[in-house]
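Trainee: Before I ask anything, let me first share the structure, which is written out below as C-alpha cells.
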Amino acid sequence: YVLNVNLAYSFLYLMSDGDTGFINKTIYGGGTKTPIGVVVSQSRHLAIALRNAGGNTTYKWCSLPDWNLQKNKNMKSNYQQLIALENGEYETWDATASMDNVTVKGSSPNYPAFKAAGDYSPSVSVSGGMIGRRWYLPAYGEWKYVFSALGFGENIASKTTWGAYNWYGILAQLAFTQVGGEAIQFQKYYWTASECIGFHAGYIYPYKDKMHFGNTSKDFSANVRPFIKFP
C-alpha cells in the first residue's frame with residue numbers, strides 16, 4: 001500500500017463572506033468557503049491579501065514631480081516610530097491624512113502604490129460583512145503582524161533601528177500557497193503606506209530566513225500587497 005499524506009498548516013483565513021476559519025473550512029481543505037486573505041491579527045481584525053495587486057507589476061509610491069516633498073501629515077523620523085504605525089487604511093482612504101487635506105491616495109493616480117492597493121479585488125465576489133470593506137496599502141507597523149503571525153519572527157517592535165530580522169519565510173509563504181494564493185516573494189520590495197524623514201517611504205524586503213525593514217525614495221518602484229479590516 002502507498003499512503004499519501006498532505007500536511008496543511010493551521011493558519012487562519014478570511015473568507016469572502018467575512019467569516020474566518022482554518023484551511024479545513026475552505027474549498028482547499030474539504031470545506032465550502034473561499035478564502036480571500038490570511039488573518040495576521042485576530043484582535044485587530046486584520047488580514048493580508050492572498051495575492052499582490054497587479055501581479056508582478058511594481059509601482060511608485062508617489063509619481064508626482066515633487067515626490068521629495070512631505071505627503072503624509074504623519075511623517076516619522078525613526079524606525080521605532082514607524083514600526084508603531086498601524087494606520088494604513090487611514091493613509092490610503094482619508095483625505096485628512098494628506099498634506100493638502102484633499103487628496104485621497106487610494107483613488108489618486110498620483111499615488112500609484114496606494115491606488116493599486118485600493119483597486120485590488122480578490123478572485124471572487126464578496127458578501128456579508130465584507131461588502132463595503134476597502135483594501136489598502138498597509139502601514140509600516142502592520143507588516144510586523146505578517147512577520148510574527150505567519151513567519152514566527154522575533155519581536156521587532158523592541159528593535160531600535162532599521163535592519164534584517166529573523167523569521168521563517170518558507171512557512172509564511174505556505175500560508176498563501178496552500179490555499180491557492182501567491183507567496184510573498186523573497187528578495188522583492190513591498191511598499192508600506194508610511195513616510196519617514198528624508199521624504200522616504202518604508203518598505204519590507206523578505207528573505208527566506210530574514211525580513212528587512214527599511215526605507216527608500218518615494219519614486220522607487222516596488223510590489224504592493226494589500227491589507228483589509230474585517231468585521
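Trainee: All but one of (1) over 17 Å from the mean Cα position of the chain (by Cα); (2) closer than 19 Å to Tyr140 by Cβ; (3) of a type outside the set (A, V, I, L, M); (4) open to solvent by 50 Å² or more (accessible area, probe 1.4 Å) hold for Thr58, so report the exception by its number.
Mentor: (1)
Trainee: Let me ask something additional. Say whether the condition of being out of contact with any Ser or Thr (no Cβ under 8 Å at 6 or more places or on another chain), touching a residue at least 60 places away in the same chain (Cβ under 8 Å), surrounded by 15 or more Cβ atoms within 10 Å (Cβ to Cβ) and of a type in the set (A, V, I, L, M, F, W, C) is met by at least one residue in the range 177-193.
Mentor: yes
Trainee: It is to be established whether one or more residues within the range 155-171 are in contact with a strand residue (DSSP E or B) (Cβ under 8 Å, 6 or more places away or on another chain), of a type in the set (D, E, K, R) and not in a helix (DSSP H, G or I). Before the answer, list the steps.
Mentor: Let us first name the residues in the range 155-171 that are in contact with a strand residue (DSSP E or B) (Cβ under 8 Å, 6 or more places away or on another chain), namely 156, 159, 162-167, 169.
Among the residues that remain, those that are also of a type in the set (D, E, K, R) are: 159.
Okay, now just the ones that are also not in a helix (DSSP H, G or I), so 159.
Yes; the residues of the range 155-171 include at least one that is in contact with a strand residue (DSSP E or B) (Cβ under 8 Å, 6 or more places away or on another chain), of a type in the set (D, E, K, R) and not in a helix (DSSP H, G or I).
Trainee: Taking the stated definitions as given, is Lys208 of a type in the set (Lys, Arg), farther than 13 Å from Tyr140 by Cβ and open to solvent by 10 Å² or more (accessible area, probe 1.4 Å)? First the steps, then the outcome.
Mentor: Details: of a type in the set (Lys, Arg): yes; farther than 13 Å from Tyr140 by Cβ: yes; open to solvent by 10 Å² or more (accessible area, probe 1.4 Å): yes.
So Lys208 passes the test.
Trainee: Being touching a residue at least 12 places away in the same chain (Cβ under 8 Å) and either in contact with a Gly (Cβ under 6 Å, 6 or more places away or on another chain) or of a type in the set (S, T, N, Q) (or both) is the filter here, so list the residues in the range 152-164 that pass it. I'd like the intermediate steps shown before the answer.
Mentor: Going through the range 152-164, the residues touching a residue at least 12 places away in the same chain (Cβ under 8 Å) turn out to be 152-154, 156-157, 159-164.
Across the range 152-164, the qualifying residues are Thr160, Thr161, Trp162.
Trainee: Next question. Quick check on this structure: which one of Gly132, Gly128, Gly163 is surrounded by fewer than 20 Cβ atoms within 10 Å (Cβ to Cβ) and modelled with pLDDT under 95? Give the derivation first.
Mentor: On the way: Gly132 fails: modelled with pLDDT under 95; Gly128 fails: modelled with pLDDT under 95.
When all the criteria are applied, what remains is Gly163.
Trainee: Please name all residue pairs, on different chains or six or more residues apart, with Cβ atoms under 6 Å, provided the first residue is in the range 126-142 and is more than 19 Å from Thr20 (Cβ to Cβ) and the second residue is assigned to a loop (DSSP other than H, G, I, E, B) and of a type in the set (A, V, I, L, M, F, W, C).
Mentor: Close Cβ pairs satisfying both conditions: Ala139/Leu85; Tyr140/Leu85; Gly141/Ala84; Gly141/Leu85.
One line per residue, one yes/no per condition, for (1) farther than 30 Å from Ser158 by Cα; (2) of a type in the set (Lys, Arg); (3) at pLDDT below 95:
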residue	(1), (2), (3)
Tyr1	yes, no, yes
Tyr9	no, no, yes
His45	no, no, no
Thr58	yes, no, no
Leu69	no, no, yes
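Trainee: Taking only pairs six or more apart or across chains, which ones have beta-carbon atoms under 7 Å, a first residue in the range 41-70 that is touching a residue at least 60 places away in the same chain (Cβ under 8 Å), and a second residue that is surrounded by fewer than 18 Cβ atoms within 10 Å (Cβ to Cβ) and among the small types (Gly, Ala, Ser)?
Mentor: Thr58/Ser221; Tyr59/Ser221; Lys60/Ser221
Trainee: Can you name the condition, by its number, that Leu12 falls short on among (1) surrounded by fewer than 16 Cβ atoms within 10 Å (Cβ to Cβ); (2) under 13 Å from Phe176 (Cα atoms)?
Mentor: Going through the list (1) surrounded by fewer than 16 Cβ atoms within 10 Å (Cβ to Cβ); (2) under 13 Å from Phe176 (Cα atoms), Leu12 breaks only (1).
Trainee: Sticking with this one: Scanning for something among the small types (Gly, Ala, Ser), crowded, with 23+ Cβ neighbours inside 10 Å and either within 15 Å of Pro122 (Cβ to Cβ) or touching a Leu at 6+ places or on another chain (Cβ under 9 Å) (or both), does the range 40-47 turn up at least one residue? Quick ask: steps written out before the conclusion?
Mentor: Step one: of the range 40-47, the residues among the small types (Gly, Ala, Ser) are 41, 43, 47.
Checking the rest, the ones that are also crowded, with 23+ Cβ neighbours inside 10 Å come to 47.
Now drop any that are not either within 15 Å of Pro122 (Cβ to Cβ) or touching a Leu at 6+ places or on another chain (Cβ under 9 Å) (or both), which leaves 47.
So far as the range 40-47 goes, yes, one or more of its residues are among the small types (Gly, Ala, Ser), crowded, with 23+ Cβ neighbours inside 10 Å and either within 15 Å of Pro122 (Cβ to Cβ) or touching a Leu at 6+ places or on another chain (Cβ under 9 Å) (or both).
The values are calculated or read from the model by the stated rules, or taken from the named source; none is laboratory data. Every value quoted in this text rests on a predicted model; they were computed, and no experiment measured them. Positions of Cβ are generated from backbone atoms using ideal geometry, with glycine treated the same way; all protein chains shown enter the neighbour counts. Just so you know, the surface numbers come from the protein's heavy atoms only, side chains and all, with ligands and any DNA or RNA stripped out. Shrake-Rupley method; radii C 1.70, N 1.55, O 1.52, S 1.80 Å.
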